[in-house]
Amino acid sequence: MTRTTGVAWAGGALYLLTVVLLVGVAPQASGTVHGAGALLAASLLVGVVRRRPSAALAMAVVGSTAVVLGPPSPVGDDLSAAYQGQFLGFVAVDMVLGFIVATCPRGHAGVAVGASLAVQFLVIGGFTHGDAVAVNLLIALLAAVASCMAGLLSRERREHAAALRSQEVAEAVTAERLRIARELHDMVAHSIGVIAIQAGVGSRVILTQPAQAREALSVIEATSRETLSGLRRTLVSLRRTDRGESAAQESPLSPPSGLADVERLAAATADAGVSVEVRRTGRRCHVPPDVDLSAYRIVQEALTNVVRHAGTRRCHVSIDYADTELLVEIVDDGRGTTGDDPVHGFGIIGMRERVGLLHGRLSVGPRPEGGFRVAARLPLPAPAEAAAATR
């Protein structure tokens, strides 16, 4: 049992003890004092309500009923007046009931409402006399209905907010994949442009300059292999999207950004007030365009978060070319947050989508020593495949 759970149950025990004291120690006090005391004592049930709503409801019902069943203090010969104030304790029951309606499954909440109203009506009907019976029952019903309505409104507002959040996340995922698809389109268009140019050159010189023609064919082969490899890894994972989306903003014949542009990105980040140290380790090897672009976008998004949210003046970018994977790490010593929820933030979602499409791994979160860390491991093609692509 955790400490907070122990405190919660201790509060529940104190509530029951307070009810016993109200009934046993001060039996001659007025019913209003008993009812108000039971209502105020219900604040001790807050911890239990949050962890075990049904148990809290049972405690509140038992305590409120005990206050009513305790020895009343008659006001003259009118016992009804003595009991009416004691029914204040049932307001605490209604509050717990509203919490159950707001947070628990609908079937469970319906059972709780029915059982609570049944107990209240039996107690009020049994200990109220004359014309006050109908009035007290109506007041009890209205109080329960008001609590349940407040709970329903809270539930609907929370469910609506969750639905909006889910929709926003889905739209962010779709938008990110559309952007990836557009960038992939740019990469393919650029490659096709190169192939078309080289094919034209080769066709013109194939008879007069065979060596130049062979060179053009080699470029065509390498470019087509590289492009097909990127298409195979990415397109199979992209969802079909609406063709009515806007066209890409960049020129279709301009090559997409990549790790070669990280220094330029670091310079732009420095202009925004954050000094970026870029460190490259390992033996430079061939990086497929889709991996190169994804790594660049991860660095770009991470640096954007550092500028906006980290509250620091320094940042470190590490790019490690391993044999089978590309390791990209962005570390800062700021306040340890990106401004987005680490699980659901849209920037983080974009990173996860890119890494997931490449079957890589992404680690995002605050560092124990302070600051924030983004680390991505992107698989690289086998050496034989890479050699074939560049041959």
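The values are calculated or read from the model by the stated rules, or taken from the named source; none is laboratory data. Note that the coordinates shown come from a computational prediction; the quantities given were computed from them, not determined experimentally. Note that we place each Cβ from the backbone using ideal geometry, even for glycine, and neighbour counts take in every protein chain shown. Areas reflect the complete protein model, heavy atoms only, side chains present, ligands, DNA and RNA absent. Shrake-Rupley method; radii C 1.70, N 1.55, O 1.52, S 1.80 Å.
Just one of the numbered conditions (1) modelled with pLDDT under 80; (2) under 48 Å from the mean Cα position of the chain (by Cα) is not true of residue 149: (1). Across the range 260-288, the qualifying residues are those that are in contact with a strand residue (DSSP E or B) (Cβ under 7 Å, 6 or more places away or on another chain) and open to solvent by less than 30 Å² (accessible area, probe 1.4 Å), and the one among them that is farthest from residue 308 (Cα to Cα) is 287. Selection within the range 178-192: residues that are closer than 16 Å to residue 221 by Cα and modelled with pLDDT of 65 or more. The member of this set that is most open to solvent (accessible area, probe 1.4 Å) is 192.
Report whether or not residue 62 is at pLDDT 75 or above, surrounded by fewer than 16 Cβ atoms within 10 Å (Cβ to Cβ), out of contact with any Ser or Thr (no Cβ under 6 Å at 6 or more places or on another chain) and β-branched (Val, Ile, Thr). When the stated conditions are applied, residue 62 passes them. Residues in the range 294-310 that are surrounded by 24 or more Cβ atoms within 10 Å (Cβ to Cβ) and over 22 Å from residue 367 (Cβ atoms): 294 only. Of the strands (runs of 3 or more DSSP E) lying entirely inside the range 284-379, not one is found with 3 or more residues being among the hydroxyl-bearing types (Ser, Thr, Tyr) and at pLDDT 80 or above.
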